[in-house]
Amino acid sequence: MKELKTADQRRIRVEFEITREDFDEWAGLWRREQRRKQRWPIERINVYLGTIAAAVGFAVLFESRGEYWPAPAALVLFGVGLQVLPWIGNRSSSDAAWERYRQRAEPVVWEFDLESASLQAPHVAARYRWAAFDRVEETSTLFVLYRAGQPTLIPKRAFADARQCDAFRALVAAAIVPPSYAFPVVSTAESQR
């Protein structure tokens with residue numbers, strides 16, 4: 001672990017409650033990660049199919065000069081609906097997820113030091129060694145610490161000032177070591193000793 005110089009970097013305490021804005025920021029990060037994992041996300045397929053359906057509908061509508069308008073008009077509406085549907089669905093699923101989260105949410109206090117991260121809340125207390133965290137991601141308003149793939153949201157607004165936020169950034173950069181997926185390499189000279 002890197003040596004941290006100041007007392008501010010050695011122990012950091014933040015108190016906060018997750019807001020809808022924090023949750024939405026994390027949900028956007030999660031959706032982007034899911035899209036990266038998919039080769040052809042459903043939103044992209046819907047946009048392509050919707051555009052094709054709307055274009056064919058417009059072409060048939062204009063070619064028929066309005067004589068047979070119900071079927072092409074329905075095709076245009078179907079195409080536009082295909083394009084809009086994923087965004088409506090994402091918003092409503094995000095609303096439902098927020099409501100489920102909000103029912104269990106409570107104010108928390110996190111304390112971070114060189115050895116661990118400690119959580120205090122009205123119904124739970126926990127202490128995690130830094131080795132328990134897989135990675136950290138930073139957005140414009142959040143730090144997201146991942147423990148066994150589960151996110152822990154730390155809003156930047158919880159820090160006293162920019163200096164404390166920078167100290168936290170340095171602390172997690174020094175404390176969270178990304179997992180190694182390779183076997184250790186041992187030279188043949190060392191292995192024969």
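Filter region 29-48 for residues that are at pLDDT below 75 and more than 26 Å from L77 (Cα to Cα) and give the result.
Q34, R35, R36, K37, Q38, R39
Counting only residues that are within 11 Å of the chain's Cα centre (by Cα) and of a type in the set (F, W, Y), which one in region 132-150 is nearest to I176 (Cα to Cα)?
Y146
Which residue pairs have Cβ atoms closer than 6 Å, lie 6 or more positions apart in sequence or on different chains, and pair a first residue in region 16-35 that is under 20 Å from R104 (Cβ atoms) with a second residue that is crowded, with 16+ Cβ neighbours inside 10 Å and modelled with pLDDT of 90 or more?
F16/P155; F16/A158; I18/L153; D22/L153; D22/P155; E25/L142; W26/L153
Is it true that some residue in region 15-25 is among the aliphatic types (A, V, I, L, M) and modelled with pLDDT of 70 or more?
Kept after step one, since they are among the aliphatic types (A, V, I, L, M), are these residues of region 15-25: 18.
Retained after the next criterion (residues that are modelled with pLDDT of 70 or more): 18.
Yes, that holds for at least one residue.
Return the residues of region 131-150 that are within 14 Å of V172 (Cβ to Cβ) and touching a strand residue (DSSP E or B) at 6+ places or on another chain (Cβ under 7 Å); say none if nothing qualifies.
Matches in region 131-150: A132, F133, D134, R135, V136, E137, L142, F143, V144, L145, Y146, R147.
Restricting attention to region 144-170, and to residues there that are of a type in the set (F, W, Y) and within 18 Å of W130 (Cα to Cα), which single residue is surrounded by the most Cβ atoms within 10 Å (Cβ to Cβ)?
Of everything passing the filter in region 144-170, F168 is surrounded by the most Cβ atoms within 10 Å (Cβ to Cβ).
It is to be established whether one or more residues within region 86-98 are farther than 25 Å from Y48 by Cα and either basic (K, R) or touching a residue at least 12 places away in the same chain (Cβ under 8 Å) (or both). Explain how you work it out, then say what you get.
Here is the first cut: in region 86-98, the residues farther than 25 Å from Y48 by Cα are 95-98.
In the following step, the residues that additionally are either basic (K, R) or touching a residue at least 12 places away in the same chain (Cβ under 8 Å) (or both) were identified as 97-98.
Looking through region 86-98, at least one residue is farther than 25 Å from Y48 by Cα and either basic (K, R) or touching a residue at least 12 places away in the same chain (Cβ under 8 Å) (or both).
The values are calculated or read from the model by the stated rules, or taken from the named source; none is laboratory data. As the structure is a prediction and not an experimental result, all values here were calculated from the model. Glycine gets a Cβ as well: all are built from the backbone with ideal geometry, and neighbour counts include every protein chain shown.
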